[in-house]
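The values are calculated or read from the model by the stated rules, or taken from the named source; none is laboratory data. Keep in mind it's a predicted model, so treat the numbers as computed, not measured. Cβ: placed from backbone, ideal geometry, glycine included. Neighbour counts: every protein chain shown. Quick note on the areas: whole protein, heavy atoms, side chains included, nothing else; ligands and nucleic acids left out. Shrake-Rupley method; radii C 1.70, N 1.55, O 1.52, S 1.80 Å.
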Amino acid sequence: QVQLVESGGGLVQAGGSLRLSCAASGRTFSAYAMGWFRQAPGKEREFVAGINQKGGSTTYKDSVKGRFTISRDNAKNTVYLQMSILKPEDTAVYYCAANYFGGTRRIQYDYWGQGTQVTVSS
């Protein structure tokens, strides 16, 4: 089992950057694939980015490719989402999630953080 805590959200202007962090508890962090999801008010939670256990393989939602970068530091039990060229449509609560096999669907993930709010103003 793993516990996840997101941080780093806030208010930024369109075109700006923000870095989210997700700190995980436990000694088995490196056994989990990690993902970032987001959910805007009245919308379904959607996949944003994923990374495999060792960090060598990443996957992104098409609309964030070239703007967002997911990374992880297993020595620090932390996964990151570096967001740049932010757009108002990126506004959402961002959630960190973990599972053993990765994936792009909410149902595939076993563990979730509490979320952190990202607001992009125009």
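Observations on the structure shown:
- Per-pair calculated FRET efficiency, R0 = 22 Å: Lys61 and Ser30 via Cβ, rounded to 0.05: 0.35
- Choice from Gly66, Gly42, Gly16 with maximal GNM fluctuation in the chain (Cα, 10 Å cutoff): Gly42
- Qualifying trypsin sites (Lys or Arg not before Pro) in region 62-122, where qualification requires a DSSP coil assignment and no more than 13 other C-beta atoms within 10 Å, comprise Lys65, Arg105.
- Environment charge at Asp62 (Cβ cut-off 15 Å; Lys +1, Arg +1, Asp -1, Glu -1): +2
- The chain - accessible surface per residue (Å², probe 1.4 Å): 52
- Pairwise Lys count, the chain - Cα closer than 20 Å, eight or more residues apart or different chains: 5
- Förster radius 22 Å - calculated FRET efficiency between Ser71 and Gln114 (Cβ-Cβ, nearest 0.05): 0.55
- Segment Arg106-Ala23, extension gain: residue separation times 0.36 nm, minus the distance between their alpha carbons: 27.9 nm
- Within the accessible area of the chain (1.4 Å probe), percent carbon and sulfur: 48
- q = 0.15 Å⁻¹: log10 I(q)/I(0) that the Debye formula gives for the chain, counting C-alpha atoms only: -0.59
- Considering only the chain, percent of DSSP beta bridges that pair antiparallel, nearest 5: 90
- Over region 11-122, relative contact order from alpha-carbon pairs under 8 Å, at least 6 apart, %: 35
- Largest to smallest accessible area among Phe37, Phe101 [probe 1.4 Å]: Phe101, Phe37
- As a ratio to 2.2 N^0.38 Å, the alpha-carbon radius of gyration computed for region 70-122 takes the value 1.29.
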